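Below: the structure, in structure tokens.
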Amino acid sequence: MESINKQLDSLFEYWKAKSKALKDADEIVTDGIMRKFITTDTINNTPWKDRNLRIAFLVKDNPDGAHDTRNWLEKEDNRNLKSVFLHKIANLFYGLSHSTNDDGKQWWFGEIEQHAEDVKTFFNTEPFAFVECKKQSGTTEIDDKKLETYIKKYKNLLNEEIEILNPNIIVCMGQPIFDFVLKMYSATEENLVAEKNIHYIPSCKKVIIYAAHPSGRDSYQNHYEGVMHWYRQFLHSKAYKEFM
């Protein structure tokens, strides 16, 4: 993991210099594989690069100023999922990580609620990646057009960050982000493996998922099932068998 973070830190130095030169911001948010601040006796220590599932959540930007997002879980409130934003991500992280069509367990929202403590523990002990697509800090809202402008301006750097992390499940939280990642991997209608919202790229074995942004007003259940409804279709597809 450290070698990945070193690669990312070098990339962020260049990103910061470019942002400053283009007069977008003198400082940027840094991110990547989230650091853990609690341990358990049962933690899975398999390195990120060797994991069967490497899940990355791509979001818009950070409203709280330039800092290292990888350290978010240092705060107790974040570890306890007091933030609606993080709670929604934790639910998806658990559901996507545990769903399988081998044993019939597909983790409906009611089951997620019943395993709330397991969801929290998993979120705090298992690795996932977090990517702010606009590295310049913003406010609590950002217009899609503005986000698209930043993604286009820094697309080569964003491409590089995703390639360094090399996730095999990429959760795109918002339409501009989803469109960007589909274009990055040259996805076509042939790659659609559910009625909508789930693409599979066989050449690199990557699953690309659309999700509503977790800062939205939809309920925990609607946000979660808005992804898992389509993901369950993928679980029963030929593409899933190839992916696993």
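The values are calculated or read from the model by the stated rules, or taken from the named source; none is laboratory data. Here the structure is a predicted model, which means the values were calculated and not measured. All Cβ positions, glycine included, derive from the backbone under ideal geometry; neighbour counts span all protein chains shown. These area figures cover heavy atoms from the full protein model, side chains too; ligands, DNA and RNA do not enter into them. Shrake-Rupley method; radii C 1.70, N 1.55, O 1.52, S 1.80 Å.
Being over 23 Å from residue 173 (Cα atoms) and in contact (Cβ under 8 Å) with a residue 40 or more places away in the chain is not true of residue 11. Among the residues of region 188-205, those that are within 19 Å of the chain's Cα centre (by Cα) and closer than 28 Å to residue 84 by Cβ comprise 196, 197, 198, 199. Taking the conditions (1) modelled with pLDDT of 95 or more; (2) in contact with a helix residue (DSSP H, G or I) (Cβ under 6 Å, 6 or more places away or on another chain) in turn, residue 147 satisfies each one other than (1). Can you pull out the residues in region 199-228 that are modelled with pLDDT of 95 or more and surrounded by fewer than 15 Cβ atoms within 10 Å (Cβ to Cβ)? Scanning region 199-228 gives 202, 203, 204, 205, 219, 221, 222. The residue pairs whose first member lies in region 180-192 and is closer than 12 Å to residue 162 by Cβ, whose second member is open to solvent by less than 30 Å² (accessible area, probe 1.4 Å), and whose beta carbons are closer than 6 Å, counting only pairs six or more residues apart or on different chains, are 180/151; 181/170; 181/172; 181/208; 185/201. Scanning region 121-176 for residues that are among the charged types (D, E, K, R), open to solvent by 10 Å² or more (accessible area, probe 1.4 Å) and within 15 Å of residue 214 (Cβ to Cβ) gives a single hit, 141.
Given the condition modelled with pLDDT of 85 or more and either surrounded by 11 or more Cβ atoms within 10 Å (Cβ to Cβ) or not β-branched (Val, Ile, Thr) (or both), answer yes or no: does some residue in region 40-48 qualify? There is at least one residue in region 40-48 that is modelled with pLDDT of 85 or more and either surrounded by 11 or more Cβ atoms within 10 Å (Cβ to Cβ) or not β-branched (Val, Ile, Thr) (or both). In region 121-144, of all residues being of a type in the set (Asp, Glu) and under 19 Å from the mean Cα position of the chain (by Cα), the one that is modelled with the lowest pLDDT corresponds to 141.
Of 96, 81, which residue is touching a residue at least 24 places away in the same chain (Cβ under 8 Å), under 17 Å from residue 219 (Cβ atoms) and within 20 Å of the chain's Cα centre (by Cα)?
Values: 96 fails: under 17 Å from residue 219 (Cβ atoms).
Answer to the check: 81.
Among the conditions (1) basic (Lys, Arg); (2) under 24 Å from residue 209 (Cα atoms); (3) modelled with pLDDT under 95, the only one that residue 54 does not satisfy is (3).
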